[in-house]
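Each reported figure results from applying straightforward, stated rules to the coordinates on display, with no laboratory input. Since the structure is predicted, the reported quantities are computational estimates derived from the model, not experimental observations. Ideal geometry is used to build each Cβ from the backbone, glycine not excepted, and the neighbour counts take in all protein chains shown.
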Amino acid sequence: MKSFWLSIGLFIALIMQGKAQVLIGQITDEEGRAIEGATIYIRETMQGTVADENGNFRIHLAAGDYSLEISALGYEKQLIEWEITEKEASLSVRLKPIRYMLKEVRVIGKGEDPAYYIMRNAIARAPYHRRKVKEYFSEVYSRGNFRIDNLPRILKWGKTGREVFDTIKGKTLLMESVMDIKFQSPNRYKRNILAFNTTIPEEIGPEKALNVVTSSIYDPDILGILSPLSPGAFSSYKFRLEDSYREGERMINKIEVQSKINNNRLWNGWIYIADEEWCVVGFDFSYNVKGFSAQMQVGFNEIAAAIFLPTSYNIAIGMDMMGLEGEAKYFSSVKYKELQIDTIQLTLATEDTSIRKRAVSKKEQKIRHKIQELSEKEDLTNRQAYELARLSQRLQEWSSSDSVSPYQIPLRRLKDSVTVDTMVTKRDSLYWQKIRTVPLLEEEIKSYEGRDSLRKFMEKVFGPPDTVPNKADMIFSKIMLGDTFALDNRKRVGLEVGGLWEIFPQYNVVDGLWIGQNVQLHIYMNKGKKISFGPSLYYGTARKTLLWKMNANWLYAPMSRGQWELDFGEMSEDYGHAGEGALFENSISSFFFQKLRKNFIRFYERRFIHLKHSIDIANGLTFAVEGQYERRDLLRNHISRKNIEPNDPVLEGGVDMPENTSLIAGIRLTYTPCYFFTVKNHQKQYERSAWPTFSIGYVRGLPTDATYTSRFERLDIGIKQNIKLGLFDSFSYSVNAGQFLSRKEIYFPDYMHFTTIGWVYSTDRFSEDFFLGEYYAWHTKDKWLRGAINYNSAFLLLKRLPFMQNMTFDEGIHGRYLWTPEIGNYMECGYSIGLQEYSRLGVFVGFNRHGYQEIKVRMALPLQVKEFKKIFQEYTK
């Protein structure tokens, strides 16, 4: 029976194979030179392919009549009508160079290059073109090969290193794949890997298949490199109209793109833009940094009326750095199977008919009016182009959103997914022969022929590859950082256990080494509701006492972020409440570097119960109310060594206190206008806003029966914002002011503290805290005004030097200000370099009311557990 069905299957396969024809061809110029990267597009099948370095291509088609578009950047497009009847048909095409006809030049301002007029219109309409296609379904064939010509000496050291190098030197290694891609506007891609093949002697999974097609020229960046059509492009690029030419009824503008600085996140090359429609019809970009070069050519075709989409990709890479020499090539051909145009998208010159079908807010009407006004302008300024792009993006988000709130970002816009077909690595040679759109080169054929022997050699040298990639990393990650373990089959109950990182959270000279663990039980209920509770239990080795805390959290209104929090326990507490990063730094300085910084944090014993409720009473408007009872007892050092100071805050600029109690209640309102959010698992999560965050808070110390009890009132207001200024720059600021309205009885933990940290800094506080002064120096029980500004840029001072422009660090300038009646005016300013939020190193100068105070170096490291986890998880992906 099994042989019967096998025979039937073979018979059907032979019939189908007989109906499939092969079109092979070569694209050359008038001199007969091959045109690598030329695009061959078949209108009837919406299929594109790219010619290889010999100008050759290969396409499987059913018998019939076809219209072929043959094009290459810099050459006239040819339209060829071709009937395929034979099993194998051949085609030879010679392309003529384009005859440019630079059109009448528009001179804007004082001799401005007309390219800027074109680019302003293209940038303004980029959001429109990005969303013009609502969905498509495509099949993509990709192939990449690379060759290693040299390795660094350290990798060639010893007999094994030389053997490996001699084996792979000059050999072509190959990877090819076939995938289906389902695109949903504006930027969601579902990839299904159908076939995967490689000669690389490592266990590389199909999910790592080559892929560059899930990016768009209309996105702010392409593969992490700033797009010339992104908002803010004029600050990073120069443009020049090189030529114009006609292609049918369209006028195409060839514009040279030049980066203003030499950086691997900026392109150079040419972009081709259709006049009047202001859409991209092709581009040829490259970048060169020290020891590394890359060139990307992308061919576009008109898939539907006025809809240009990429049909071919051709990428070449060269490497010559630190002893590593080699080159790589990559290409993809795209076949569009389904295409859905968003017919209700706003056209920038006419009214969107979809607005008649739904209620339109006054704000939306105002935006539409402004878009209409800007669209009718003959010559846009740079600022107007950016504004038109921003307004179009905003309006199209509203138009395409089916949510109740105009600020909800549909989750589908944020998610990509990859699936792998069960037959992905089992495709035979007949399948690959049929699917390839470019014939294998001679060296690629040899690569497949020598694949088995190369893998056997590598296994002999290094052992068999790990069949479960990253398994060791996953186990190590769970041991170090902990994990949540499901306690039932439905995963409705989970037990979260901290890893080794949380077994020894801190060391100080009062308690000694903390040894213990933090455990949380999570109960997941319907519609995103959640209950969490559990203990944190630690033993202080020097004080020989149990330090503990119980906490519980009830998320009862996920869409309004409504939750109750309850904490109670007995712990050692920092007088200044600086947080986890400061405690970690104190642990390091107390244990390892006593002569440098000693024990700068002072502790008191805190027996407490704390209750808090918070909820969004409107989008972006959060109301919180909390109360806390605390008994504060004095502590002494239980470790005595040379250079260790007594546990007295006065020695670090603080204030003594007697043992006391406090009963404190407070309310706070926080508001961020136009706060966009996503909904995941029925839970609201804020994402972004172009507006600052405003806050106002009131705290009151209520009297108790104790002899010493806190009695005060405090009011504060604040504003803060982090502004992204394009791909390379950001600016943040924060201002906070307040006053103690009354202070009948107040103790040091109740003061308003302005944190300053020592030589090591937690990166999450680098944008607000002070850099200089004693640890408890900046505090008040009266009134205050505090401000902070930060400007970070990839090109500020040092990075302006040509030989440093390709280095990965960024730069920042920082300012701090504090005024209190006790301190007077105090200012800090500084300069730092760093790796984004991961680490920073800077020099800072402080000035008090008398003038210059001090200058010191400060360093920022990811000291909090959440920061460490984030970096570790990214590293082990």
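Brief remarks follow.
- Cross-link pairs beyond the 32 Å C-alpha cut-off, checked among 171/337; 684/781; 238/329: 171/337; 684/781
- Distant-in-sequence amide H partners of residue 95 (H built 1.01 Å from N, under 5 Å): 28, 29, 30
- Mean Cβ neighbour count within 10 Å, used as a protection proxy, ranking 677-687, 847-857, 573-583 highest first: 573-583, 677-687, 847-857
- Residue by residue, the range 627-640 carries 3J(HN,Hα) couplings of x, 8, 10, 9, 10, 10, 10, 6, 10, 10, 5, 10, 10, 10 Hz when phi is fed to the Karplus relation 6.51 cos²θ - 1.76 cosθ + 1.60 (θ = phi - 60°); x denotes Gly or Pro.
- In sequence order, calculated HN-Hα J values of the range 90-97 (Karplus, 6.51, -1.76, 1.60; Hz; x Gly/Pro): 10, 9, 10, 10, 10, 9, 9, x
- DSSP beta bridges fully contained in the range 20-95 are about 75 percent antiparallel.
- In this structure, the amide hydrogen of residue 244, modeled 1.01 Å from its nitrogen in the peptide plane, lies closer than 5 angstrom to those of 101, 102, 103, 254, counting only residues at least 5 positions away or on a different chain.
- Approximating the spin labels as points 7 Å out from Cα along Cα→Cβ, the residue 580-to-residue 725 distance works out to 3.2 nm.
- Efficiency of FRET between residue 258 and residue 417 - r from beta-carbon atoms, R0 35 angstrom, step 0.05: 0.40
- Projecting label points 7 angstrom from Cα along Cα→Cβ for residue 432 and residue 149 puts them 2.6 nm apart.
- Length released on extending from residue 288 to residue 65, taking residue separation times 0.36 nm less the Cα-Cα span: 75.9 nm
- Amide proton proximity set for residue 301, modelled H, under 5 Å, gap of 5+: 309, 311
- Each residue of the range 613-621 is assigned a 3J(HN,Hα), and the resulting list reads 10, 9, 7, 7, 8, 7, 4, x, 10 Hz, derived from the Karplus form 6.51 cos²θ - 1.76 cosθ + 1.60 (θ = phi - 60°), x at Gly and Pro.
- Cα centroid separation - the range 526-583 against the range 255-298, whole Å: 52
- Per-pair calculated FRET efficiency, R0 = 56 Å: residue 276 and residue 521 via Cβ, rounded to 0.05: 0.30
- Where labels lie 7 Å past Cα in the beta-carbon direction, separation of residue 561 and residue 717 in nm: 2.2
- Residue 848 sits among other residues whose Cβ lies under 14 Å from its own Cβ, and their net charge, with Lys and Arg +1 and Asp and Glu -1, is -2.
- Extension gain, residue 486 back to residue 304 (0.36 nm per residue minus Cα-Cα distance, nm): 60.5 nm
- Using a Förster distance of 45 Å, the FRET efficiency for residue 838-residue 744 (Cβ separation, nearest 0.05): 0.45
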